[in-house]
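The values are calculated or read from the model by the stated rules, or taken from the named source; none is laboratory data. Computed from a prediction, not measured in an experiment: that's the story for all the values here. Cβ atoms come from the backbone with ideal geometry, glycine included; neighbour counts cover every protein chain shown. Ligands, DNA and RNA are stripped out before the accessible areas are found, and what is left, the full protein with its side chains, is counted by its heavy atoms. Shrake-Rupley method; radii C 1.70, N 1.55, O 1.52, S 1.80 Å.
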Amino acid sequence: MSGAWLILETSGRSRVGVAVGGAVIAAEDLPAGRQQNRHLLPTVERLIRECGLTPRSLTHIAVGVGPGSYTGLRVGLTAAKTLAYALGCSLVAVPTFAAVAADVPGTVDVIGDALQGTIYVQRFTDGTAMSELRIERFDEWVAQFTPPPLRGRSASEASREGGELSVAGPGVVTFADKLPVHVTRSPVVEPSVEAVFRVARTLPPLTVEEMMRLEPLYLRGSSAEEKAKAATSSSLPS
Amino acid sequence: MTYFLALETSCDETAAAVFTDGLTVKSSVVASQTDLHARFGGVVPEIASRAHLRNLLPVIDEAVRKAGITLADVGCVAVHNTPGLVGALLVGVTAAKALAVALGVPLVAVNHVAGHIYACRMAAGRDIFPCLGLVVSGGHTALFRCDTALSLNLLGGTRDDAAGEAFDKVAAILGLGFPGGPAVEREAAAGDPKAFAFPRAFASDPRLEFSFSGLKTAVLYACHGQDVRQATPPPPGKKRADLAASFQEAVVDALAVKCRQALEQTGLTRLAVGGGVSANKRLRAKLQAACDRAGAELFIPPMNLCTDNAAMAALAVEKWRVGQFAPPDLDAEPNFIGS
């Protein structure tokens, strides 16, 4: 699956890349902050041009679908979906944590801030997902690192299964002060354009219907819906 | 002939339209999110942004197909980039920029509020400028001096709630459901508009401003007395209908009085009205009376052009004619900054 690829990853810091002949030939990180939403498409257009291509010559678009910043992801997905729709090219949805894990050997928990004391977390071994992506309380997740003999089973199981468990992803920075000192922190925080591209090449492109309806990996409703859900469930007889 | 593809995502309607440089609307598709927001009694920004991302491509696709063209026929992309909910606007603005890049065509940014007034020009089928513009919806209540389609000068607006927002909140107080505009109007039909003497803010003041939050509180107190801690909506009946009718009359009076004052102060002889609240029949009657007294002509577009839609972005044609294109790094601008 070669061709000309545009790669977008906007779950945190926005990144844009172009790959031709199976290799990334240009990549750029946008300056951090709200302005990156504004500059995403001009950057895409310039990078394509600098690679000697036109939008029409794109055959595939790969986009990181989170989890991460809701607004950032919506901008990235809107851009990717609309370009794919208007150019008639294939769209590949890349889970952001899979792209993080693609650069981390061994067993790793990829974590990201899910706010209000919770994290997004998913375990990978050598890039292969070993668990579903889920939201968990940070306190409960971090308890597995309690040193022996008190420690929980997950970390010890992981070490029995294939070496030490490390931690990667944007949560490593967010929770830097709360991670126990003995935990191995991977330097891979956000996915590289190369990693997004590598994972994208292993995934099937979306159908037109899937492309039209593609959404970020939110994993939960808006806070208004979550509050309403909590209020309903607490008012039900137990 | 040039085909325009226009997008609207400023609040809770996801819309796309195709029109020509001759202002012929070939298609106008609106996916309403009302059902998603109803149980919250108002628009929830995060829910709106999510729904825009889900709905926008299917809505664009339907608009293009209904117009009987293909994307390759589109010669210009237009988008409302201000004012509105920033997360909602960003979806439309990003999609419009992507379409312009993919199709290699120019992009025009349209002020959503100016679009509401331009809808009057489209419905009239002739020039209506210069005119006084009143935009009255769930998000806006403001008067503008519009010397041309592209020049909008704010004369005054609401100091607190928008009129449509007041309808939503009073509908919640009266237990009438969301959206409040049609619900209150239905209830008011059986009520006495003079039953309760609700306030008309700034009625005898020449300044062109509105305020509806005191009115909302007055309805709450009239409904429940001063102790509103245990407030439950009133049962159906005469009192509820009277409350609805008296509230509606107060809003409509305030809007009509300010329009008449603005016509007198500016010497303008045309009033163009847009926004969802302009669907209210009592408002239409009162504005007609105000225009008759001031010797002015009233323009209110049909329902489908009053509420949020993308066809009203045909104001883009005026900008396109004079080469006012948007920069490639166009941003969503939540606050109104004039045009």
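Interface burial in the stretch B:59-81, defined as at least 30 Å² less accessible area with all protein chains than with the chain alone at a 1.4 Å probe, covers B:ASP61, B:LEU71.
Rounded to the nearest percent, how much of the accessible area of the stretch B:182-339 (1.4 Å probe, protein heavy atoms only) is carbon and sulfur? It is 53 percent, rounded to a whole number. Based on DSSP, what percent of beta bridges with both residues in chain A are antiparallel, to the nearest 5? Approximately 60 percent, going by the DSSP bridge assignments. These residues, A:TRP5, B:TRP320, go from largest to smallest accessible area, 1.4 Å probe, as B:TRP320, A:TRP5.
Accessible area per residue was computed with a 1.4 Å probe on protein heavy atoms; A:THR202 scores about 110 Å². Considering only alpha-carbon pairs that sit under 8 angstrom and 6 or more positions apart, the relative contact order computed for chain A is 20 percent. To test your reading of the geometry: what angle, between 0 and 90 degrees and rounded to tens, separates the Cα axis of helix A:153-162 from the longest principal axis of chain A? Taking the Cα atoms of chain A, the angle to A:153-162 is about 60 degrees. For B:CYS306, the accessible area of its heavy atoms, probed at 1.4 Å with every protein chain present, is near 0 square angstrom.
Label the stretch A:83-151 by shape, choosing from rounded, prolate and oblate, from the square roots a ≥ b ≥ c of the eigenvalues of the Cα gyration tensor; if a/c is under 1.5 it is rounded, and otherwise prolate applies when a/b is larger than b/c, oblate when it is not. The shape class here is oblate.
Checking the cross-link pairs B:LYS66/B:LYS281; B:LYS194/B:LYS238; A:LYS81/A:LYS229; B:LYS258/B:LYS319; B:LYS281/B:LYS319 against a 21 Å limit on the alpha carbon distance flags B:LYS66/B:LYS281; A:LYS81/A:LYS229; B:LYS258/B:LYS319; B:LYS281/B:LYS319 as lying beyond it. Rolling a 1.4 Å probe across the protein heavy atoms gives chain A an accessible surface of 45 Å² per residue. Shielding by partners for peptide A:34-46, expressed as the average number of C-beta atoms from other protein chains within 10 Å of each residue's C-beta, is 5. Rolling a 1.4 Å probe over the protein heavy atoms gives the stretch B:169-213 an accessible area of 48 Å² per residue.
For chain A, the longest principal axis of the alpha carbon atoms and the long axis of helix A:35-50 meet at an angle near 50°.
With solvent modelled as a 1.4 Å probe, how much accessible area in total do chains A and B shield from it at their shared surface, in Å² to the nearest 100? The contact between B and A buries close to 3100 Å². Put simply, the amide H of B:GLY138, placed in the peptide plane, has neighbours under 5 Å in B:GLY164, B:GLY276, B:VAL277, leaving out anything fewer than 5 places away on its chain. Helix A:223-235 and the long axis of chain A differ in direction by around 30°, with both axes built from C-alpha atoms. For chain B, the membrane-span-like helices by this rule, meaning whole DSSP H stretches whose C-alpha atoms cover at least 24 Å of axis and whose Kyte-Doolittle mean is 0.0 or above, are B:86-103; this says nothing about an actual membrane. Charging the Cβ of each Asp and Glu at -1 and of each Lys and Arg at +1, and nothing else, the dipole of the protein assembly as shown about its Cα centre rounds to 980 debye. Within the assembled protein chains, the solvent-accessible surface assigned to B:ASP160 is about 60 Å², based on a 1.4 Å probe.
For the stretch B:1-149, the solvent-accessible area of protein heavy atoms averages 27 Å² per residue (probe radius 1.4 Å; ligands and nucleic acids excluded). The calculated 222 nm mean residue ellipticity attributable to helices in the protein assembly as shown amounts to -12000 deg cm²/dmol, summing -39500 (n - 2.57) over DSSP H runs of n ≥ 4 and dividing by all residues. Classify the protein assembly as shown as rounded, prolate or oblate, taking a ≥ b ≥ c as the square roots of the eigenvalues of its Cα gyration tensor: rounded when a/c is under 1.5, otherwise prolate if a/b is larger than b/c and oblate if not. It is oblate, given that a/c is not under 1.5 and a/b is not larger than b/c. Phi angles across the stretch A:128-135 convert, under the Karplus curve 6.51 cos²θ - 1.76 cosθ + 1.60 with θ = phi - 60°, into 3J(HN,Hα) values of 9, 5, 9, 8, 6, 6, 8, 9 Hz, Gly and Pro given as x.
Along the axis of the charge dipole computed for chain B (Cβ charges of +1 for Lys and Arg, -1 for Asp and Glu, origin at the Cα centre), the listed residues B:ALA171, B:ALA188, B:HIS37 are led at the positive end by B:ALA188.
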